[in-house]
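Q: What follows is a structure written as structure tokens; I'll ask about it next.
The values are calculated or read from the model by the stated rules, or taken from the named source; none is laboratory data. Everything quoted here is computed from the prediction, not taken from an experiment. Note: ideal-geometry Cβ built from the backbone for every residue, glycine included; neighbour counts use all protein chains shown. Heads up: the accessible areas ignore ligands, DNA and RNA and are worked out on the full protein's heavy atoms, side chains in. Shrake-Rupley method; radii C 1.70, N 1.55, O 1.52, S 1.80 Å.
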Amino acid sequence: MRSILPLFFGFFSASIGIALPGLINMTAAKVSIREGRERALLFIAGALIIVFFQTLSAIIFARFLDSHPNVVVVLREVGLVIFILLTIYFLFLARKAKTKKEEMKIRSKTNRFFLGMLLSALNFFPVPYYVFVTILLSSNHLFTFEMMHEFLFLTGVVLGSFAVFYYYINFFKRIESKTDFFFKNMNTIIGSITGIIALITLINIIKYYY
């Protein structure tokens, strides 16, 4: 049972990471509504290829950090400052999101597969996110940087991402009216998440020194 935990954590972390309405899953939903499920699945396939390589890059970088704990300490301290600044920005300085709903326009004539790759490549969040997740799991002895665990985690991330994307293209019409809440409160949501990460990072730094 313990050997498949990386698969579960990969699936769970991916589901949490992209559950909120964002550019990729919202575009997938719009493509499904306007052009059909088949083209939406092509879009998702393109996005998942980039997700695969982003997660693989994150695991490789996290493996390096795990074998160089002195670097991890420095990055934690730098990360703490960054997350605190991001929290202040999103909670207090960022402009309020527009309440007026703006229609997402999909004008690109490019093959939806490559459009999925492009939009996914423009999203840099997965790399630091999965670096943080794998190091956190490793520090709690729930993940090891071995080939099998890495493969299972990577598979879980791809499956979890697909599950969320598939949910959006099939059930977007049912939740469309509720997505306004997330867009109106996106700055608060992001600020709260970065605040929690900053708190966790601060606790880990304190534990390291004391």
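Q: Looking at the range 6-22 only, could you name the residues that are buried (at least 21 other Cβ atoms within 10 Å of the Cβ) and more than 12 Å from the chain's Cα centre (by Cα)?
A: Answer for the range 6-22, where residues must be buried (at least 21 other Cβ atoms within 10 Å of the Cβ) and more than 12 Å from the chain's Cα centre (by Cα): 6, 9.
Q: Taking residue 187 as meeting all but one of (1) within 27 Å of residue 32 (Cα to Cα); (2) at pLDDT below 75; (3) open to solvent by less than 40 Å² (accessible area, probe 1.4 Å), write down the number of the exception.
A: Residue 187 satisfies all of (1) within 27 Å of residue 32 (Cα to Cα); (2) at pLDDT below 75; (3) open to solvent by less than 40 Å² (accessible area, probe 1.4 Å) except (1).
Q: Another question, then. Yes or no: the range 164-173 includes at least one residue that is open to solvent by less than 20 Å² (accessible area, probe 1.4 Å), closer than 30 Å to residue 113 by Cβ and modelled with pLDDT under 75.
A: yes
Q: Within the range 114-146, take every residue that is within 12 Å of the chain's Cα centre (by Cα), among the hydrophobic types (A, V, I, L, M, F, W, C) and under 16 Å from residue 204 (Cβ atoms) and give me the one that is most open to solvent (accessible area, probe 1.4 Å).
A: 132
Q: Six or more apart or on different chains, Cβ atoms under 7 Å: show the pairs whose first residue is in the range 62-74 and within 9 Å of residue 145 (Cβ to Cβ) and whose second is outside any loop (DSSP other than H, G, I, E, B).
A: As it stands, the answer is 62/131; 62/134; 62/135; 66/135; 66/138, since those pairs meet every condition given.
Q: Here's a follow-up. Which of the residues spanning the range 23-41 are open to solvent by 30 Å² or more (accessible area, probe 1.4 Å) and either free of Cβ contacts under 8 Å to residues at least 24 places away in the same chain or closer than 20 Å to residue 189 by Cβ (or both)?
A: 23, 38 - these are the residues of the range 23-41 that are open to solvent by 30 Å² or more (accessible area, probe 1.4 Å) and either free of Cβ contacts under 8 Å to residues at least 24 places away in the same chain or closer than 20 Å to residue 189 by Cβ (or both).
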